Amino acid sequence: MPKKSIWKNYGLLIAMLVAIIIGCIVGAVWPNVYDGDGNMVTKGASYLAPLGKIFINLMFCIVVPMVFASIAGAVANMRSRKRAGKIMGTTIVTFVITGAIAAVIMIVLMKIIPPVLSTWGNLAAGTVDEQKSAADLVVSFFTAEDFVGLLSRRAMLPLIIFSILFGFGVQMAGGPDTMTAKVLNDLSEVMMKIVGIITYYAPVAFFGFFADLVATYGPSIAGSYGRGLAVYYPLCFLYVLIAFPLYARFGGGKGAPKIMFKHILRPAVTALGTCSSVATIPTNMEEAEKTGVPKDVSEIVLPLGATMHMDGSCFSCVLKIAFLFGVFGIPFDGIGTFLEVILVAVVSSVGMSGIPGGGYIGEFIICSIFFPSQMDLAYPIAITIGNLVDPPATMVNSAGDYVVSYIVARFTDGKDWLKDAMSRKALESQEESKP
């Protein structure tokens, strides 16, 4: 890949990482000084904390309209009908199931290898809210008391549900041909441009945030990030080598894993090279056509998967939650907690856009649900983890879209669809080779 392309795709990420390293160094050489009771005696690099606070506040202001416009617009502008409805329904169910499987795998690993071994510095141990009844949990998870309640950053999941319902309402009223759908589409584009502008400030913000973080809690926090990444990176590649063949076997039959490995390399490399699910759609489309995936299946599954199929992001979601539980000294255990984590990991993936850094919305959802009173610290930590794991997460997300098309094709065209497709291609090849 040309150097220019590498810088274009990874330049901002590299700048963020450099800023984080410099911020850590500044925080280490200019620490805050505390007395024996934990009271600050001399303020050090924490003077730079406002640099990070500016970024956080800007994201707080943009996140609500961005989530509403992007999700409602995506649903409103769909053109699916009849068979496409079956394809879409099967696709979404498959996304949910594979995402839940990914979340469960990561929860098990986080219990075996916790990323944070002790509460950071002088942070007081956190607490979790008292467990609600199942009915109250469903109500608070998916709805707000009124419309005004939806406009708060603390009600991200209810906002997502409302946005989906609003989009379906527009769809029923005329869909993409309505003025509302066009406005939503334009508004979504505008919101993404604003996020792009804010993101240019991110390196400065992360310099200030990590200078303050290390000055306050000490340089040992780097070990926590290292433990998390040591689990995450190998897991992504093992998931591709173990889980994907199983999914392909289920969707395409006995010979499907071999065919899948023959065609999955290009999407995987493209995803790693571009760090973008959306940028991988054309390559996925091409490989799906070569495989014999029905055209109408690939045309729905692959674009929809670019923003909704996020197994790699489900991995990172659980990692972020487990990491922050450790940071705040909250026990990461209990069936109720794990079910909530799985639900958040699956549902929040809908709000993650298929562009580099698009996980900011997912991180927002995580922090607003689990750490609403600790957002100023939790949100930047979650963003940092998201940036560090973005390349392999995108690879799992995007390459997984191609594999899911096998499963959807099985339910729409029968279990022998791949065998029939290979037979047609062999026949066409024979015809072409005749003089």
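Yes or no, residue by residue, for (1) modelled with pLDDT of 80 or more; (2) among the small types (Gly, Ala, Ser); (3) surrounded by 15 or more Cβ atoms within 10 Å (Cβ to Cβ):
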| site | (1), (2), (3) |
| --- | --- |
| 135 | no, yes, no |
| 138 | no, no, no |
| 151 | no, no, no |
| 171 | yes, no, yes |
| 181 | yes, yes, yes |
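Tell me which residues, restricted to segment 75-91, are crowded, with 16+ Cβ neighbours inside 10 Å and either at pLDDT 70 or above or β-branched (Val, Ile, Thr) (or both). It would help to see each step written out before you state the result.
Taking segment 75-91 first, the residues crowded, with 16+ Cβ neighbours inside 10 Å are 75-78, 80, 84, 87-88, 90-91.
Selection gives 75, 76, 77, 87, 88, 90, 91.
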Could you go through segment 272-281 and let me know if any residue there is out of contact with any Asp or Glu (no Cβ under 8 Å at 6 or more places or on another chain), over 28 Å from residue 384 (Cα atoms) and not β-branched (Val, Ile, Thr). no
Scanning segment 285-315 for residues that are modelled with pLDDT under 85, of a type in the set (S, T, N, Q) and more than 16 Å from the chain's Cα centre (by Cα) gives 298
Among (1) surrounded by 14 or more Cβ atoms within 10 Å (Cβ to Cβ); (2) at pLDDT below 75; (3) among the small types (Gly, Ala, Ser), residue 5 falls short only on (1)
Conditions (1) outside any helix (DSSP H, G or I); (2) modelled with pLDDT of 85 or more -> residue 36 fails only (2)
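Conditions tested, residue by residue: (1) surrounded by fewer than 18 Cβ atoms within 10 Å (Cβ to Cβ); (2) within 30 Å of residue 65 (Cβ to Cβ).
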residue	(1), (2)
195	no, yes
203	no, yes
211	no, no
225	yes, no
234	yes, no
242	yes, no
246	yes, no
Residue pairs within 9 Å by beta carbon, gap of at least six or interchain, first lying in segment 255-266 and modelled with pLDDT under 90, second not in a helix (DSSP H, G or I), listed first then second, are none
Going through (1) in contact with a Pro (Cβ under 6 Å, 6 or more places away or on another chain); (2) modelled with pLDDT under 90 one by one, residue 323 fails only at (2)
Those residues of segment 347-381 which are surrounded by fewer than 24 Cβ atoms within 10 Å (Cβ to Cβ), modelled with pLDDT of 80 or more and either part of a loop (DSSP other than H, G, I, E, B) or within 14 Å of the chain's Cα centre (by Cα) (or both) amount to 371
- Among the residues of segment 214-226, is there at least one that is touching a Pro at 6+ places or on another chain (Cβ under 8 Å) and modelled with pLDDT of 90 or more? no
task: Kindly indicate whether residue 340 is out of contact with any Ser or Thr (no Cβ under 6 Å at 6 or more places or on another chain), at pLDDT below 85, among the charged types (D, E, K, R) and in a helix (DSSP H, G or I).
output: no
Residues of segment 235-256 being of a type outside the set (D, E, K, R), within 22 Å of residue 100 (Cα to Cα) and over 18 Å from the mean Cα position of the chain (by Cα), in sequence order, are 238, 241, 242, 243, 244, 245, 246, 247, 248, 250, 251, 252
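Report yes if residue 252 is modelled with pLDDT of 80 or more and under 30 Å from residue 410 (Cβ atoms), otherwise no.
yes
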Subset of segment 286-311, residues within 16 Å of residue 268 (Cβ to Cβ), surrounded by 20 or more Cβ atoms within 10 Å (Cβ to Cβ) and not polar (S, T, N, Q), comes to 287, 288, 302, 305, 306, 309, 310, 311
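Here is a yes/no grid of residues against (1) modelled with pLDDT under 65; (2) farther than 30 Å from residue 229 by Cα; (3) aliphatic (A, V, I, L, M); (4) buried (at least 19 other Cβ atoms within 10 Å of the Cβ):
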position	(1), (2), (3), (4)
96	no, no, yes, no
108	no, no, yes, no
132	yes, yes, no, no
145	no, yes, no, no
With the first residue restricted to segment 389-409 and required to be touching a residue at least 60 places away in the same chain (Cβ under 8 Å) and on the phi < 0 side of the Ramachandran plot, and the second required to be among the acidic types (Asp, Glu) and assigned to a helix (DSSP H, G or I), Cβ contacts under 7 Å at 6 or more apart or on different chains are 396/311; 397/311; 400/311; 402/287
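The values are calculated or read from the model by the stated rules, or taken from the named source; none is laboratory data. Please read all numbers here as calculations on a predicted model, not as lab measurements. Counting neighbours? That spans all protein chains shown, and the Cβs are built from the backbone with ideal geometry, glycine included.
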